[in-house]
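The values are calculated or read from the model by the stated rules, or taken from the named source; none is laboratory data. Please read all numbers here as calculations on a predicted model, not as lab measurements. Note that each Cβ is placed from the backbone with ideal geometry, even for glycine, and that neighbours are counted across all protein chains shown. For accessibility, only protein heavy atoms count, side chains too; no ligands or nucleic acids. Shrake-Rupley method; radii C 1.70, N 1.55, O 1.52, S 1.80 Å.
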Amino acid sequence: MTFAQARRVVFGLALASFILSFVHRTAPAAIAGELTAAFSISSTVLGTLAATYFYVYTLLQIPVGMLADTLGPRRILAWGSAIAAAGSLLFALAPAWEVAAVGRTLVGIGVSVAFIAILKVSAVWFEPTRFATLAGVTMFVGNLGAVAAGSPLAWVVTWTSWRSVFVALAVFSALLALATWLRVRDRPEDLGFAPVNPQAAAAVAQAAPGLTAAVASLRRVLANPATWPPFFVNVGIGGSFLAFAGLWAVPFLQDTRGMTRVLAAQ
């Protein structure tokens, strides 16, 4: 395998994990009615069920960043996909909403590694001048996962059950975990290639391990005034958009505009 082929495989598998995270992020909107009926729950409980994904996803971002530096993207992506597979299966087979919430929490844990890992892959496997472009490609393709969880998912559940869909997602996640473990490598050097970004490789090699160094790094980030404007922008835009489009948009359009589920999801 050439270096270009190996790099495409590594980036492609990491990107697949990120697409999967977007599918899970917005899937409840397309099946809100089914979830309410299946578990006989109120809208408040439905919101809690959907939000468990975001609670754990948010809390894990900083620890995942540390794990990406210490364990490497290969391990965290493989284990993340395996945990997401278990969570998807538990969600699909759940007899009650409490069990489904545990499953969705596991999914949130599993897919929380995807974005940080793909940034790590981009930094180590590609030239520094391509990093911003790859981040844009990542967000573009990831949002295709959100599109797939919209009207296509709403159409699929018109002829099969939502539980079958999540069983299929569990199988896909398990296969992705296996493929990631077998084909993804943390650095080009692991496959015998020369380092592409020596500066990033040196930074990883010189990174001080341990909790003290991690806390010191976190303090530097929090003390940087440039950290906070994008933080508040993302809280406002991301929070508002995901709260609505990630769950309530489809039932809102169905109830207030008389749309079919497929049309509302579209």
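The table below gives the values:
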read-out	value
Per-residue SASA entry for F231, accessible area with 1.4 Å probe, Å² rounded to 10	100 Å²
Cα-based shape type of the stretch 94-157, given that a ≥ b ≥ c are square roots of the gyration tensor eigenvalues and the cut on a/c is 1.5	oblate
Among Q266, S112, W159 the positive-end extreme of the charge dipole of the chain (Cβ point charges)	S112
Extension reserve of the A96-D190 stretch, reckoned as 0.36 nm per residue once the Cα distance is removed	29.3 nm
Solvent-accessible area, 1.4 Å probe, carbon plus sulfur percent, for the chain	71 percent
A226/A132 FRET efficiency (R0 22 Å; Cβ-Cβ; nearest 0.05)	0.85
With Cα atoms, 0 to 90° folded angle of helix 162-183 axis to the chain main axis	10 degrees
Taking the stretch 79-131 and dividing mean pair separation by its residue count, relative contact order in percent (alpha carbons under 8 Å, at least six apart)	37 percent
Tilt relative to the chain, helix 73-93 - C-alpha long axis, 0 to 90 degrees, to 10	10 degrees
Pair Q5, F140: separation of 7 Å Cα→Cβ label points (nm)	2.6 nm
Span from the the stretch 47-107 Cα centroid across to the the stretch 231-249 one, whole angstrom	19 Å
Shape of the stretch 67-121, Cα gyration tensor, a/c cut at 1.5	prolate
Sorted peptide list for 219-227, 117-125, 238-246, criterion being average Cβ within 10 angstrom, highest first	117-125, 238-246, 219-227
Cα-based equivalent ellipsoid, the stretch 216-263: semi-axes from gyration tensor eigenvalues, Å	39, 9, 6
Angle in degrees between helix 131-148 and the longest Cα principal axis of the chain, rounded to the nearest 10	20 degrees
Inter-label distance, nm, simple model (7 Å from Cα along the C-beta direction), L71/A168	3.0 nm
I62 versus V215: modelled label distance in nm, points set 7 Å from Cα along the beta carbon direction	1.1 nm
Cβ-placed point charges (K, R +1; D, E -1), dipole of the stretch 142-266 about Cα centre in debye, nearest 20	120 debye
Computed lengthening from W181 to V235, 0.36 nm per intervening residue step minus Cα-Cα distance	16.1 nm
Expected 222 nm ellipticity per residue - DSSP helices of 4 or more, -39500 (n - 2.57), all of the chain, to 500	-26000 deg cm²/dmol
Solvent exposure of the chain as accessible area per residue, Å², 1.4 Å probe	50 Å²
Cα-Cα pairs of the stretch 18-124 separated by more than 16 Å (percent)	56 percent
Relative contact order computed over the chain (Cα-Cα under 8 Å; 6+ residues apart), in percent	32 percent
Charged-residue dipole, Cβ positions (Lys, Arg, Asp, Glu), the chain about Cα centre, Debye nearest 20	280 debye
Peptide ranges 36-44, 137-145, 62-70 listed from the most packed, as the mean C-beta count within 10 angstrom indicates	62-70, 137-145, 36-44
Two-decimal Rg/Rh across the chain, once Rg and the Kirkwood Rh are taken from alpha-carbon atoms	1.00
